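Working notes, structure below.
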Amino acid sequence: MTAQHTACILCSRNCGLEVETNAHSFTRIRGDKNHPMSAGYICQKAARLQYYQTNDDRLTHPMKRLASGAWVGVSWDEAIAEIAQKLRDIRDRHGAKAFAYYGGGGQGNHLGGLYGSALTKAMRSPFHYSPLAQEKTGDFWVNGKLFGRQTCHTTEDVEHSDYVLFVGTNPWQAHGIRNARDVLKELSQSTSRRMVVIDPRKTETAKLAHIHLQLRPGTDAFLLSAILAIWQRENLFNHDFIKTHTDGFLEIQDVLKNVPIADYVRYADVPLAKVEQVAREFASARSACVRVDLGLQQSLHSTLNSYLEKLLFLLSGHFAKAGGNNLHTFFVPLIGHSDDAPAKNWRTVASKIPGIGKLYPPNVLPEEIDNAGDERIRAVFVDSANPLLSGADTKAYQQAFAKLEFLVVVDVAMTETARFAHYVLPASSQYEKWEATFFNLDFPKNTFHLRQPVFEPVHDTLAEPEIYQRLLVAMRELPRHFPLLELIAKFDRKVPAMRLFPWLFGVTMKLRKRLRNYPQFVLAATLGKCLPHHATWVAPLWFAAHAYAQKHAQAVKRAGHQGDGLALGETLFNAILSERSGVTLSIHRYEDNWNMVRHADGKIHLSIPELLEQWRNLKTNPLSTEYPFTLIAGDRRSYNANTIFRDPSWRKTEQQGCLRMHPDDAAALRISTNEEVACCSAHGLIHVSVVTDDSLRRGTVVLPHGYGMRYGNKVHGPVLNLLTGASYRDTITATPFHKNVPVQILKLSSVV
Ligand SMILES: Nc1nc2c(c(=O)[nH]1)N[C@H]1C(S)=C(S)[C@@H](COP(=O)(O)OP(=O)(O)OC[C@H]3O[C@@H](n4cnc5c(=O)[nH]c(N)nc54)[C@H](O)[C@@H]3O)O[C@H]1N2
Ligand SMILES: Nc1nc2c(c(=O)[nH]1)N[C@H]1C(S)=C(S)[C@@H](COP(=O)(O)OP(=O)(O)OC[C@H]3O[C@@H](n4cnc5c(=O)[nH]c(N)nc54)[C@H](O)[C@@H]3O)O[C@H]1N2
Ligand code: SF4
Ligand SMILES: [Mo]
């Protein structure tokens, strides 16, 4: 049996896989040693991918829900014609604001999103809601201010760093950094390098750290402020870096002079001496970097936290260097840039939240359906997401989605969200179609992996690009054929460097205004037809390869691709098409960072007035007496992977998901291990069994993310977002404070 190459779709690392298959199943799954990034690495979750490929919830044909609530099968032609008609009707009657597109790609599938997001163009709506906008938009917003564009995104060179600070992230379980477990073990065992973890729980990662600051949840802004203020007190800033590369430092110093270091550290409840040690060591390390994730971003002061975290590597000058934090290139940009000017950036109607990175936050969608009067959202199109489980406040989502005039869901499985839909459209799985992700966030080496299908599509499923193409044709937004371009593409593909096609494609885009909204479809319908192995929908990557090669020519050549001008782009695209294990796109120099900063003066603008004000007015958060526990609502464990797997038997451990609680808290409440209790918040109540765990601080409890799916007529594990509220959120981005939910834990005998 010959091995085929693909990738894992369970987290943003997308480790390369070498798989063996029979007609419908994986018979063997291993790490792919030839993958240019993961080089053979995988974690325990990848071996379970068969549970994704085949399960009882897989959708096999388009379905429509009747007024009675019953589902009936319909043909693709019927479904597409009826959906197109209804969408046009809603657009024409209610205008642009009535429509929202939601999702467009999860942890493994972004190719479809290239096409799906065009639906907002067809509906003239700006509202692209995305799961990224319930975690990362604070980071993007801060990047926009500091570096000039929200598309300037930083990464961390953990592998070459002497001093790594992990804040609010548990890479041992969640990954997010390359080959996490190998890299963490190496760091941990090193005698010359240092690893520090800031996390309220003694996580698997914290256990490996040289220093663990087990802070009170939600106090990062205080702790990070204290570190920065210690630098000011002890003159540990990198003044050369600050002077050469930044402006606005005076405003930062002005806030720092009033930071009561000892009070802030006491509030964070960590030893002052240790904080001083970390401050001094980080500032003076030869190289240092900061890696953060949800513990910082989905906690109190979310956007301010992102600012302070970035000030750590900027004011110490650990930026644009080996082992530091660096900007990186995107092969295909995962996000855009949303201007601040209200005229260029529509705000949501009821919640008044602007787009950030061209994305809108799931946290406000129910209120935009429920409370926006005549300008409410009436139609939603969901692709590759399950907001009825993953969005804050499940009840609000259920109520709002039940009111929608029109809901279409594209998914591989019958999800909680799909059950509310008027039409459900079955996608081929990520192993049945050409796929890729745009999580190419590395520096100095960046890679890209285009995956060929390893199975035939099951039943009557389609790849998303084809679904959207049919829909846009039916909506009369797009012609089906482009005869001249098609002909030229065929001719041009036969010569080594395509010349005529790029020119004609450019002219077509210039002359036919409407088509400018849909270049990806034009490329697929023309160039796509000439690509080998039915790689039709890959065609937009031809454009991406050319754009990338033009912009980063030297770095692309350093990665071994040859040619100049158009020829370099062509070589890169051909490598992407033919290398089954993925390609190295580029190898950069550290000075390339400065070409990626987008402010006209080439400097980093440190002063962000909106955040300076929040920073000056930082307030402590008193514990509620009614809800005395702080719930970390959703952590990453050995066997959770968002809601990608629905069959609970994929989990080797913890099939039903438990609440973790400090043994002393359990004893004080007379709760024994495995006892079922009620966990209640201001928003809801769920039943869950308790496991004691002394890695937690007292007063903090934690529930896992990625449970609560209905499978085989039973709900498995906690429906976590019954406990979370949508209004408990960051003021700038509306990111929910999931890591800090006040709850009460009650014995069932005491719940009436
Ligand atoms: N196994 C597994 N891996 C995954 C996923 C999955 O579902 N399962 N999902 C993927 C996705 S979508 C994402 S976004 C990433 C998320 O990756 P991570 O953010 O690394 O994962 P989490 O476990 O959600 O949260 C990280 C840590 O934040 C800590 N924390 C909680 N509150 C605070 C606080 O106030 N301050 C600080 N400093 N820390 C706090 C928690 O104790 C936890 O250890 O994981 C990805 N990887
Ligand atoms: N309380 C709480 N809530 C959270 C979090 C938390 O920590 N706590 N974490 C948040 C985070 S960081 C994230 S990223 C979100 C994740 O939540 P969502 O954004 O809802 O994404 P997933 O759970 O990854 O769901 C992916 C969906 O894509 C479908 N799918 C898989 N393959 C394909 C395909 O090829 N095509 C199509 N069309 N569909 C496919 C799957 O069946 C599944 O329904 O959850 C968020 N919600
Ligand atoms: S780290 Fe694990 S879950 Fe993430 S892509 Fe690699 S194998 Fe999959
Ligand atoms: Mo996420």
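List every residue pair whose Cβ atoms sit under 6 Å apart, with the two residues 6 or more apart in sequence or on different chains, where the first one lies in segment 46-72 and is within 30 Å of His175 (Cα to Cα) and the second, anywhere, is assigned to a loop (DSSP other than H, G, I, E, B) and of a type in the set (Asp, Glu).
Tyr51/Asp647; Asn55/Asp647
Give just the number: which of (1) in contact with a helix residue (DSSP H, G or I) (Cβ under 6 Å, 6 or more places away or on another chain); (2) closer than 30 Å to Pro453 by Cα; (3) open to solvent by less than 50 Å² (accessible area, probe 1.4 Å) does Gln562 not satisfy?
The single condition Gln562 does not satisfy is (3).
Restricting to segment 705-716, and then to whatever is open to solvent by 20 Å² or more (accessible area, probe 1.4 Å) and at pLDDT 95 or above, can you tell me which residue is nearest to Arg651 (Cα to Cα)?
His716
Could you list all residues from segment 223-265 that are open to solvent by less than 30 Å² (accessible area, probe 1.4 Å), over 19 Å from Arg280 (Cβ atoms) and not in a helix (DSSP H, G or I)?
Selection gives Thr246, Gly248.
Of these, Phe521, Phe491, Phe543, which one is at negative phi, among the aromatic types (Phe, Trp, Tyr) and buried (at least 21 other Cβ atoms within 10 Å of the Cβ)?
Phe521
Are there any pairs with C-beta distances below 8 angstrom linking a residue in segment 617-633 that is modelled with pLDDT under 90 to a residue that is surrounded by 15 or more Cβ atoms within 10 Å (Cβ to Cβ) and aliphatic (A, V, I, L, M), with the two at least 6 apart or on different chains, and if so which?
Here the result reads Asn621/Leu300, each pair linking segment 617-633 to a residue that is surrounded by 15 or more Cβ atoms within 10 Å (Cβ to Cβ) and aliphatic (A, V, I, L, M).
For a quick check of your reading of the model, give me the residue pairs whose first member lies in segment 734-752 and is within 15 Å of Ser689 (Cα to Cα), whose second is among the basic types (Lys, Arg) and at pLDDT 95 or above, with beta-carbon atoms closer than 9 Å and at least 6 apart or on different chains.
Lys747/Arg670
Which fully enclosed strands (runs of 3 or more DSSP E) of segment 700-743 have 3 or more residues being within 11 Å of ligand 2 (Cβ to nearest atom) and farther than 23 Å from Ile353 by Cβ?
Strands (runs of 3 or more DSSP E) meeting the threshold: 700-704.
Please go through segment 1-44 and give me each residue that is among the β-branched types (Val, Ile, Thr) and assigned to a loop (DSSP other than H, G, I, E, B), ordered by number.
Residues satisfying the conditions are Thr2, Ile9, Ile42.
Name every residue in segment 38-71 that is among the aliphatic types (A, V, I, L, M) and more than 16 Å from ligand 1 (Cβ to nearest atom), in order of residue number.
Within segment 38-71, Ala39, Leu59, Met63, Leu66, Ala67, Ala70 meet the criteria.
Being over 30 Å from Phe313 (Cα atoms) and within 15 Å of the chain's Cα centre (by Cα) narrows it down to one of Gly104, Gly112, so name that one.
Gly104
Tell me which residues, restricted to segment 266-289, are under 33 Å from the mean Cα position of the chain (by Cα) and not in a helix (DSSP H, G or I).
Residues satisfying the conditions are Asp269, Val270, Ala285, Arg286, Ser287, Ala288, Cys289.
Has segment 129-149 got at least one residue that is among the small types (Gly, Ala, Ser), more than 24 Å from Lys603 (Cα to Cα) and open to solvent by less than 20 Å² (accessible area, probe 1.4 Å)?
Within segment 129-149, one or more residues are among the small types (Gly, Ala, Ser), more than 24 Å from Lys603 (Cα to Cα) and open to solvent by less than 20 Å² (accessible area, probe 1.4 Å).
Kindly list the number of the only condition in (1) among the aromatic types (Phe, Trp, Tyr); (2) open to solvent by 50 Å² or more (accessible area, probe 1.4 Å); (3) within 16 Å of ligand 4 (Cβ to nearest atom) that fails for Tyr51.
Unmet condition: (3).
Does Gln189 qualify as being free of Cβ contacts under 8 Å to residues at least 12 places away in the same chain and either within 13 Å of ligand 2 (Cβ to nearest atom) or more than 28 Å from Asp411 (Cα to Cα) (or both)?
So Gln189 fits the description; yes.
Select from segment 11-25 the residues that are open to solvent by less than 40 Å² (accessible area, probe 1.4 Å), touching a Phe, Trp or Tyr at 6+ places or on another chain (Cβ under 8 Å) and within 16 Å of ligand 2 (Cβ to nearest atom) and write down the one among them that is farthest from Tyr52 (Cα to Cα).
The extreme case among them is Ser12.
Of the residues that sit in segment 119-142 and are of a type in the set (Gly, Ala, Ser) and away from ligand 2 (no atom under 15 Å from the Cβ), which one is farthest from Lys739 (Cα to Cα)?
Selected residue: Ala122.
Could we say that Thr60 is in contact with a His (Cβ under 7 Å, 6 or more places away or on another chain) and either within 16 Å of ligand 4 (Cβ to nearest atom) or within 28 Å of Arg516 (Cβ to Cβ) (or both) here?
No: the conditions fail for Thr60.
Can you run down the residue pairs with Cβ atoms below 9 Å, 6 or more apart or on separate chains, where the first is in segment 448-465 and farther than 11 Å from Ser428 by Cα and the partner is among the acidic types (Asp, Glu) and open to solvent by 20 Å² or more (accessible area, probe 1.4 Å)?
His449/Glu579; Leu450/Glu579
Among residues belonging to segment 17-48 that are touching a Gly at 6+ places or on another chain (Cβ under 6 Å) and under 16 Å from Thr437 (Cα atoms), point out the one that is farthest from ligand 4 (Cβ to nearest atom).
Pro36
Being under 28 Å from Leu311 (Cα atoms), away from ligand 2 (no atom under 15 Å from the Cβ) and open to solvent by 50 Å² or more (accessible area, probe 1.4 Å) is the filter here; which residues of segment 602-651 pass it?
Listed by number, the residues that qualify are Lys603, Pro609, Glu610, Glu613, Gln614, Arg616, Asn617, Lys619, Thr620, Asn621, Pro622.
Could you tell me which residue of segment 54-66 is nearest to ligand 3 (Cβ to nearest atom), considering only residues that are open to solvent by less than 40 Å² (accessible area, probe 1.4 Å) and in a strand (DSSP E or B)?
Among residues in segment 54-66 that are open to solvent by less than 40 Å² (accessible area, probe 1.4 Å) and in a strand (DSSP E or B), the one nearest to ligand 3 (Cβ to nearest atom) is Arg58.
Restricting attention to segment 313-336, does a residue exist that is among the β-branched types (Val, Ile, Thr), modelled with pLDDT of 95 or more and not in a loop (DSSP other than H, G, I, E, B)?
Taking every residue of segment 313-336 in turn, none turns out to be among the β-branched types (Val, Ile, Thr), modelled with pLDDT of 95 or more and not in a loop (DSSP other than H, G, I, E, B).
What helices (runs of 4 or more DSSP H) completely inside segment 592-688 contain at least 2 residues that are among the aliphatic types (A, V, I, L, M)?
Qualifying helices (runs of 4 or more DSSP H): 609-616, 663-668.
I'm checking my understanding of the structure. Among residues of segment 690-704 that are in contact (Cβ under 8 Å) with a residue 60 or more places away in the chain and within 21 Å of Leu723 (Cα to Cα), which one is most open to solvent (accessible area, probe 1.4 Å)?
Out of the qualifying residues, it is Arg697.
Got a number for residues in segment 477-487 being open to solvent by 30 Å² or more (accessible area, probe 1.4 Å) and touching a residue at least 24 places away in the same chain (Cβ under 8 Å)?
3
The values are calculated or read from the model by the stated rules, or taken from the named source; none is laboratory data. Given the structure is predicted, the values throughout are model-derived calculations rather than measurements. Don't worry about glycine lacking a Cβ; one is built from the backbone with ideal geometry, like all the others, and counts go over all protein chains shown. What goes into the accessible areas is simple: the full protein's heavy atoms, side chains included, and nothing from ligands, DNA or RNA. Shrake-Rupley method; radii C 1.70, N 1.55, O 1.52, S 1.80 Å.
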